[in-house]
Amino acid sequence: MFTAAIDRGYTPSSLIVDEPVSYSTGPGQPSYEPQNYDHQYEGAITLRRVLEQSRNVPTVKLMAQLTPPEVVGYAKRLGFASPLQPYLSTALGASEATLLEVTSAYSAFANQGVRMVPYSIVTVAERDGTVLEEQHPVAKEGIRADTAFVMVSLLRGAVQHGTA
């Protein structure tokens with residue numbers, strides 16, 4: 001989701017308001033009211049702080065601004081094959097994904113936007129060294145290199161100053 005935001009012109013210093021919010025879910029259904037883990041609100045905070053501190057409410061607000069289908073489209077480009085639902089709660093991890101999908105997606109950030117397709121066995125060889133099967137890395141277009149650079153900076157901040 002943050003990758004989609006960066007591509008849409010958001011920057012690490014873009015402000016998102018961390019305050020209570022309620023979304024209609026349809027006739028006769030209770031509204032969706034995401035909460036922050038600490039049940040506190042910080043007002044206008046930067047995109048960087050939203051990610052570093054895992055602030056749920058502004059994350060869902062960002063998903064609403066970008067639209068769930070757009071964010072799911074980015075996830076597919078980054079290698080998620082599991083069915084991701086285009087719901088606001090997907091911004092908080094409500095959809096399922098495998099560890100392999102997640103690691104493949106994150107590979108694009110460290111590889112200047114190029115996603116590597118994971119594989120489990122490099123080489124199968126006979127006792128005498130005859131190679132029976134060999135896998136080679138497959139690169140897939142993922143995201144722009146400048147977007148990957150910004151994402152690395154944001155993720156580094158989550159590790160150094162945040163909740164990672």
Original post:
Of the conditions (1) small (Gly, Ala, Ser); (2) open to solvent by 70 Å² or more (accessible area, probe 1.4 Å); (3) under 19 Å from Ala148 (Cα atoms), Ser107 fails just one. Which one is it?
Top reply: (2)
Original post:
Could you count how many residues in region 111-131 are of a type in the set (A, V, I, L, M, F, W, C) and in contact with a helix residue (DSSP H, G or I) (Cβ under 7 Å, 6 or more places away or on another chain)?
Top reply: 3
Original post:
So which residues in region 75-94 are among the hydroxyl-bearing types (Ser, Thr, Tyr) and under 17 Å from Val57 (Cα atoms)?
Top reply: Tyr87, Ser89, Thr90
Original post:
Taking Pro34 and the conditions (1) in contact with a strand residue (DSSP E or B) (Cβ under 9 Å, 6 or more places away or on another chain); (2) surrounded by fewer than 19 Cβ atoms within 10 Å (Cβ to Cβ); (3) more than 27 Å from Phe149 (Cβ to Cβ), which numbered condition does it fall short on, given that it satisfies the others?
Top reply: (2)
**OP:** Quick one: in region 87-104, of everything that is not aromatic (Phe, Trp, Tyr) and not in a helix (DSSP H, G or I), which residue is least open to solvent (accessible area, probe 1.4 Å)?
**Re:** Ser95
**OP:** Identify the single condition in (1) open to solvent by less than 50 Å² (accessible area, probe 1.4 Å); (2) under 14 Å from Met151 (Cβ atoms) that Leu84 does not satisfy, given that it satisfies every other one.
**Re:** (2)
Subject >> Qualifying positions in region 1-18 - open to solvent by 30 Å² or more (accessible area, probe 1.4 Å) and assigned to a strand (DSSP E or B) >> reply: Leu15, Val17
**OP:** Those residues that are within 13 Å of the chain's Cα centre (by Cα) and touching a residue at least 40 places away in the same chain (Cβ under 8 Å), I need them from region 53-65; list them, please.
**Re:** Ser54, Thr59, Leu62, Met63
Original post:
From Val50, Val71, which residue is open to solvent by less than 30 Å² (accessible area, probe 1.4 Å), β-branched (Val, Ile, Thr), under 20 Å from Ala5 (Cα atoms) and within 11 Å of the chain's Cα centre (by Cα)?
Top reply: Val71
**OP:** Looking only at region 108-129, decide whether some residue is basic (Lys, Arg) and assigned to a strand (DSSP E or B).
**Re:** yes
Original post:
Just to be sure, is Val21 at pLDDT 95 or above and in a loop (DSSP other than H, G, I, E, B)?
Top reply: yes
Original post:
Can you tell me which residues in region 132-160 are in contact with a helix residue (DSSP H, G or I) (Cβ under 8 Å, 6 or more places away or on another chain) and assigned to a loop (DSSP other than H, G, I, E, B)?
Top reply: Gly142, Ile143, Arg144
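The values are calculated or read from the model by the stated rules, or taken from the named source; none is laboratory data. None of the values given here were measured: they were computed from a predicted structure. Cβ: placed from backbone, ideal geometry, glycine included. Neighbour counts: every protein chain shown. All accessible areas refer to the heavy atoms of the entire protein, side chains included, with ligands and DNA or RNA removed. Shrake-Rupley method; radii C 1.70, N 1.55, O 1.52, S 1.80 Å.
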